[in-house]
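Notes follow the structure.
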Amino acid sequence: QVKIVESGGGLVQPGGSLTLSCTASGYPFSDFAMAWYRQAPGKERVEIATIGAIRDLQTYDESVKGRFTVSRDNAKNTAYLQMNNLEPEDTAVYLCHPRQTNVWGQGTQVSVSE
């Protein structure tokens, strides 16, 4: 059974940092690129970062470029999203999604507030 579990969310003050984890099972993790998405209340889901299966090539949405870093540890079947200098506008549910699959996790809530 293919499964994705996101974790690491929470409440943080503006300017703070969080690291999200995305642990996968049930498929060959290293063969698939991984994308991070976020969905704020009342808004559409938006792709914010990706990391490739080969050479770990990374892409970022302009809204997070320079503040967020995506990485992966294939030995642990886990992808990460390091988020620095968080802003209230980053408040959302964050989800990871293996490219070219129809698999989604439940997401993890990130809230940025004083």
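A few points about this structure:
- Unmet requirement for ALA92, which otherwise passes all of (1) modelled with pLDDT under 95; (2) under 14 Å from the mean Cα position of the chain (by Cα): (1)
- Selection from the range 1-17 of residues that are closer than 24 Å to ASN85 by Cα and open to solvent by 30 Å² or more (accessible area, probe 1.4 Å): SER7, GLY8, GLY9, LEU11, GLN13, PRO14, GLY15, SER17
- Top-ranked residue of the range 25-65 - restricted to ones that are assigned to a strand (DSSP E or B) and among the hydroxyl-bearing types (Ser, Thr, Tyr), ranked as most open to solvent (accessible area, probe 1.4 Å): THR59
- A Cβ distance below 6 Å, combined with a sequence gap of six or more or placement on separate chains, defines the contacts here; from the range 75-99, residues that are over 22 Å from ASP31 (Cα atoms) and small (Gly, Ala, Ser) reach residues that are assigned to a strand (DSSP E or B) and open to solvent by less than 40 Å² (accessible area, probe 1.4 Å) in the pairs ALA92/ARG38.
- ASP31 being over 11 Å from the mean Cα position of the chain (by Cα), within 22 Å of VAL112 (Cβ to Cβ) and touching a residue at least 12 places away in the same chain (Cβ under 8 Å): no
- Within the range 59-86, the residues that satisfy the criterion of being touching a Lys or Arg at 6+ places or on another chain (Cβ under 8 Å) and either over 11 Å from ALA49 (Cβ atoms) or among the small types (Gly, Ala, Ser) (or both) are THR78, ALA79, ASN84, ASN85, LEU86.
- Residues (part of a loop (DSSP other than H, G, I, E, B), open to solvent by less than 50 Å² (accessible area, probe 1.4 Å), out of contact with any Gly (no Cβ under 8 Å at 6 or more places or on another chain) and not hydroxyl-bearing (Ser, Thr, Tyr)) located in the range 78-106: VAL103, GLY105
- Among the numbered conditions (1) at pLDDT below 95; (2) closer than 17 Å to LEU20 by Cα, the only one that ALA53 does not meet is (2).
The values are calculated or read from the model by the stated rules, or taken from the named source; none is laboratory data. These figures come from a predicted structure and were not determined experimentally. Note that we place each Cβ from the backbone using ideal geometry, even for glycine, and neighbour counts take in every protein chain shown. Only protein heavy atoms, including side chains, enter the accessible area calculation; ligands, DNA and RNA are left aside. Shrake-Rupley method; radii C 1.70, N 1.55, O 1.52, S 1.80 Å.
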